[in-house]
């Protein structure tokens, strides 16, 4: 009897893949409850969908390539964006109810760097939660899907050059699962940062699992910082959706100056530009605020009920008060190198959603392309798996059971050196500190592997582009390209790059 397909993660990518594989047997493994602790569930923004009468996939592609700052894989981007209608129809068939206008058509919103109103929402500013609720219910009602909740995947099991199973932990106890194919849908790396809008436990588990198993990593240096997280002591930081600026809110400094007024696109410029402008204001000792009083005023609560509630908990009334904001880690454009169908360089392994680097986002993700990509690639991965004969069962290899990951030390290093801007000295120091952790077998090793990959890729990219900005290389290189490498290559580069810093420490 063939082993089931194993899906790791229960955000939109994992749930869509599981549902699309029915009636094939699937085990869906998630470290929390189904759909809980996922970046999808916290997504206030919507899904970019070029479905309006004045829009098409070609215009959406133009905007995606522009935001990607020269490093998108145009063919992959075209393939993913062209599949938008099928993905939205799939979500609707499985219970997602998108917001409609008075005529009954989809209601389209505007976000930064889009030339059309093409953002669709479900439940206003709670799209992610609505999607997760609907898809989780659909998964629970699908007999072919068996959910393993409260389970953490520590390693991929590989035999004869292909993935054949998972080494898991539940309540600290190890067990192994056979799998005919494995789909990683584990989300991003926000847990590596002290200031992030994402679940604190998401440190890039999928990236770590794939790297340790021998897959390629790509574009690891490109980290998107959302410009407008609510400045508060709450962690993770609550997000003030870009849709608020899409509805006319403006950014002002402590002197009340609209400091982005002269920038092309102003408040709706690409996220990397806005984030760096805000960070620069704060670095000068100032504060930055989102001012929605004139644009929305008393309509704020009805337009953005979730954000209004978040602000209220912080003692802020957006109708009458300025909203203090700051940049926070929000999305990782890099990850496991995968094609538009989620296929990786390791046989039997797929990656979908934020943990994958398909080339759609290039150096900087276009707003609201993330949920779309996860749904499209989840469907494509399921199609590819269903069309491929399952391999013959194998005996699962033995594997040492690693320690549960510990994030505190790695988080300190990453937050200090891999933020909105980077430089040679900070990157070299980060690599020197992360290398012994990543090369060891302690509890810091797994998150350190992910963080070290980001630092090495960032050190090798001697330019500023998209979500990667270096103060010592502020200009774009004329010969810029995507980079992919194995973990062994990352470690080799780290040893070479950190030698001067290691000598100084010694």
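The values are calculated or read from the model by the stated rules, or taken from the named source; none is laboratory data. Note that the structure is a prediction, hence the values are computed from the model and not measured. Neighbour counts run over all protein chains shown; Cβ positions are idealised from the backbone, glycine included.
Please tell me if residue 138 is part of a helix (DSSP H, G or I), modelled with pLDDT of 95 or more and surrounded by 19 or more Cβ atoms within 10 Å (Cβ to Cβ). Write out each step before concluding.
Details: part of a helix (DSSP H, G or I): yes; modelled with pLDDT of 95 or more: yes; surrounded by 19 or more Cβ atoms within 10 Å (Cβ to Cβ): yes.
The answer is yes for residue 138.
Is it true that some residue in region 166-178 is in contact (Cβ under 8 Å) with a residue 24 or more places away in the chain and assigned to a loop (DSSP other than H, G, I, E, B)?
Yes, region 166-178 contains at least one residue that is in contact (Cβ under 8 Å) with a residue 24 or more places away in the chain and assigned to a loop (DSSP other than H, G, I, E, B).
Residues are listed down the side, and each one gets a yes or a no for (1) within 23 Å of residue 125 (Cα to Cα); (2) within 21 Å of the chain's Cα centre (by Cα):
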{"residue": "36", "(1), (2)": "yes, yes"}
{"residue": "49", "(1), (2)": "yes, yes"}
{"residue": "57", "(1), (2)": "no, no"}
{"residue": "68", "(1), (2)": "no, yes"}
{"residue": "71", "(1), (2)": "no, yes"}
{"residue": "74", "(1), (2)": "no, yes"}
{"residue": "83", "(1), (2)": "no, yes"}
{"residue": "90", "(1), (2)": "yes, no"}
{"residue": "94", "(1), (2)": "yes, no"}
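So is residue 365 without any contact (Cβ under 8 Å) to a residue 60 or more places away in the chain and part of a loop (DSSP other than H, G, I, E, B) or not?
So residue 365 fails the test.
Sort out for me the helices (runs of 4 or more DSSP H) sitting completely within region 223-330 that have 1 or more residues that are farther than 28 Å from residue 202 by Cβ and not assigned by TED's automatic domain parsing to the domain that holds residue 112.
Of the helices (runs of 4 or more DSSP H) lying wholly inside region 223-330, those with at least 1 residues that are farther than 28 Å from residue 202 by Cβ and not assigned by TED's automatic domain parsing to the domain that holds residue 112 span 271-283, 300-303.
If you scan region 187-217, which residues turn out to be under 19 Å from residue 484 (Cβ atoms) and surrounded by 24 or more Cβ atoms within 10 Å (Cβ to Cβ)?
Hits for region 187-217 are 188, 189, 204, 206, 207, 208, 209, 210, 211, 215, 217.
Here are the criteria: (1) crowded, with 22+ Cβ neighbours inside 10 Å; (2) free of Cβ contacts under 8 Å to residues at least 12 places away in the same chain. Tell me which single one residue 498 does not satisfy.
(2)
Determine which member of the set 74, 87 is in contact with a helix residue (DSSP H, G or I) (Cβ under 9 Å, 6 or more places away or on another chain), on the phi < 0 side of the Ramachandran plot, in the same structural domain as residue 376 (by TED's automatic domain parsing) and crowded, with 22+ Cβ neighbours inside 10 Å. Give the steps one after another, and end with the answer.
Numbers: 74 fails: crowded, with 22+ Cβ neighbours inside 10 Å.
The conditions single out 87.
Name every residue in region 331-351 that is in a strand (DSSP E or B) and at negative phi, in order of residue number. Write out each step before concluding.
From region 331-351, those in a strand (DSSP E or B) are 331-332, 335-337, 343, 347, 349-351; that's our starting set.
Residues satisfying the conditions are 331, 332, 336, 337, 343, 347, 349, 350, 351.
So residue 290 fits all but one of (1) surrounded by fewer than 19 Cβ atoms within 10 Å (Cβ to Cβ); (2) touching a strand residue (DSSP E or B) at 6+ places or on another chain (Cβ under 7 Å); what number is the exception?
Among (1) surrounded by fewer than 19 Cβ atoms within 10 Å (Cβ to Cβ); (2) touching a strand residue (DSSP E or B) at 6+ places or on another chain (Cβ under 7 Å), residue 290 violates only (1).
Of the residues in region 464-480, how many are within 23 Å of residue 420 (Cβ to Cβ) and surrounded by fewer than 21 Cβ atoms within 10 Å (Cβ to Cβ)? Break it down stepwise before answering.
Restricting attention to region 464-480, the residues satisfying the condition of being within 23 Å of residue 420 (Cβ to Cβ) are 464-477, 480.
In the following step, the residues that additionally are surrounded by fewer than 21 Cβ atoms within 10 Å (Cβ to Cβ) were identified as 471-477, 480.
Summing the residues that are within 23 Å of residue 420 (Cβ to Cβ) and surrounded by fewer than 21 Cβ atoms within 10 Å (Cβ to Cβ) in region 464-480 gives 8.
From the set of residues in region 421-454 that are in contact with a strand residue (DSSP E or B) (Cβ under 8 Å, 6 or more places away or on another chain) and surrounded by fewer than 24 Cβ atoms within 10 Å (Cβ to Cβ), which is nearest to residue 465 (Cα to Cα)?
The qualifying residue nearest to residue 465 (Cα to Cα) is 421.
Can you confirm whether region 29-46 contains a residue that is in a strand (DSSP E or B) and farther than 21 Å from residue 361 by Cβ?
Yes, region 29-46 contains at least one residue that is in a strand (DSSP E or B) and farther than 21 Å from residue 361 by Cβ.
Within the group 299, 258, which residue is free of Cβ contacts under 8 Å to residues at least 40 places away in the same chain, surrounded by fewer than 17 Cβ atoms within 10 Å (Cβ to Cβ) and either in contact with a helix residue (DSSP H, G or I) (Cβ under 9 Å, 6 or more places away or on another chain) or under 29 Å from residue 68 (Cβ atoms) (or both)?
Exactly one residue qualifies, and that residue is 258.
Please work out which residue is farthest from the chain's Cα centre (by Cα), limiting yourself to region 403-419 and to residues that are surrounded by fewer than 22 Cβ atoms within 10 Å (Cβ to Cβ) and closer than 17 Å to residue 224 by Cα.
Among them, the one singled out is 416.
Using the structure shown, decide if residue 63 is part of a helix (DSSP H, G or I), out of contact with any helix residue (DSSP H, G or I) (no Cβ under 7 Å at 6 or more places or on another chain) and surrounded by 18 or more Cβ atoms within 10 Å (Cβ to Cβ).
Yes.
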